[in-house]
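The values are calculated or read from the model by the stated rules, or taken from the named source; none is laboratory data. Because the structure is predicted, anything quoted here is derived from the model rather than measured. Reconstructed Cβ throughout: ideal geometry from the backbone, glycine too, with neighbour counts over all protein chains shown. Areas reflect the complete protein model, heavy atoms only, side chains present, ligands, DNA and RNA absent. Shrake-Rupley method; radii C 1.70, N 1.55, O 1.52, S 1.80 Å.
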Amino acid sequence: MKICILTHTFPRFQDDYAAPFMDGVANGMVEAGNEVFVQTPFTPGLETKRPNRKYKLLTYKYIFVDSWHTLGYSKTLVNDMQLKPLVYLLAPLMFIMALISLYGLVKKEKIDIINAHWILPNGFIAAVISILTGVPVVSTLPGSDVYVAKKNLFFRSAALFAGYFSAAITSNSPQLLKDLKKLGVNNPNTQSIIYGVDPDKFKPNTSQVNHLKAQYNISAGKIVILSVGRLVAKKGFVYLIKAATDVIKKN
């Protein structure tokens with residue numbers, strides 16, 4: 001099967017903090033026996049060729065000055081919740097160029113399915129192409145797109161449109177699917193799919209744990225809680241910090 005992953009953020013280089021999971025998703029689809037194309041907007045510093053990629057990475061430009069490509073790649077939102085003013089000027093250009101580029105790719109490569117990551121903007125873009133070509137769309141919600149959909153009537157309408165024309169909707173969080181439904185998206189084909197990890201890289205290591213406890217002067221019998229993520233509101237660190245006091249008192 002030929003799959004096009006449509007996204008607006010992607011790891012630009014090795015160990016980039018911008019959506020590193022997207023590389024694993026694309027490689028995983030290839031390992032499952034598919035031919036995969038990733039389409040993402042151009043951004044300065046993006047390495048289009050890397051030896052460990054098993055998929056084809058394609059970019060498109062939406063404005064004539066390279067340094068003005070400031071959408072996506074964790075640069076669009078403030079605290080992953082507030083849109084920067086420049087977004088409203090550049091977004092229409094990106095929509096148009098993404099539509100043209102995706103339509104050409106679908107026709108040229110005879111794509112079987114489009115996987116749009118973030119229902120806004122990519123679910124909306126993919127839905128338009130699906131109407132024009134008949135290629136089905138699976139929209140995936142990583143999180144910030146649901147916040148964006150709540151901003152105004154236009155974004156909400158775009159999310160409703162994308163949800164209606166998606167053959168299925170997946171998310172790494174059941175709560176995001178519930179939030180999307182509250183917006184009015186009543187797609188019957190929804191599924192919560194947690195992003196996987198590399199078991200060869202992430203596995204229990206008792207000796208390393210003991211070494212770290214000794215390094216930070218933590219006694220061997222103490223339980224250590226680790227929470228990993230960027231310090232943005234949607235990650236919920238504030239709830240962990242507030243709950244920690246009660247947890248310590250009771251345990």
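Details
- Within region 86-121, being open to solvent by 70 Å² or more (accessible area, probe 1.4 Å) and among the acidic types (Asp, Glu) holds for one residue alone: ASP112.
Let's see how each residue does on (1) open to solvent by less than 60 Å² (accessible area, probe 1.4 Å); (2) among the aliphatic types (A, V, I, L, M); (3) over 27 Å from ALA18 (Cα atoms):
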site: ALA220; (1), (2), (3): no, yes, yes
site: LEU226; (1), (2), (3): no, yes, no
site: GLY229; (1), (2), (3): yes, no, no
site: VAL232; (1), (2), (3): yes, yes, no
site: LEU240; (1), (2), (3): no, yes, no
site: VAL247; (1), (2), (3): no, yes, yes
site: LYS250; (1), (2), (3): no, no, yes
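- Matching option when the condition is within 24 Å of GLY72 (Cα to Cα), among the hydrophobic types (A, V, I, L, M, F, W, C) and modelled with pLDDT of 90 or more, among LEU177, LEU183, LEU153: LEU177
- Selection count, region 159-208, where residues are touching a helix residue (DSSP H, G or I) at 6+ places or on another chain (Cβ under 7 Å), among the aromatic types (Phe, Trp, Tyr) and within 19 Å of ILE125 (Cα to Cα): 2
- Every residue from region 186-224 that is at pLDDT 90 or above and closer than 25 Å to MET29 by Cα: ASN187, PRO188, ASN189, THR190, GLN191, SER192, ILE193
- Cβ separations smaller than 9 Å between residues 6+ apart or across chains give the following pairs from region 5-16 residues that are without any contact (Cβ under 8 Å) to a residue 24 or more places away in the chain to residues that are surrounded by fewer than 19 Cβ atoms within 10 Å (Cβ to Cβ) and not in a loop (DSSP other than H, G, I, E, B): PRO11/PHE21.
- The residues of region 101-116 that are assigned to a helix (DSSP H, G or I), in contact (Cβ under 8 Å) with a residue 40 or more places away in the chain and more than 23 Å from SER171 (Cβ to Cβ), listed by number, are SER101, LEU105, VAL106, GLU109.
- The strands (runs of 3 or more DSSP E) located wholly in region 1-62 include none with 2 or more residues which are touching a strand residue (DSSP E or B) at 6+ places or on another chain (Cβ under 6 Å), buried (at least 17 other Cβ atoms within 10 Å of the Cβ) and of a type in the set (Lys, Arg).
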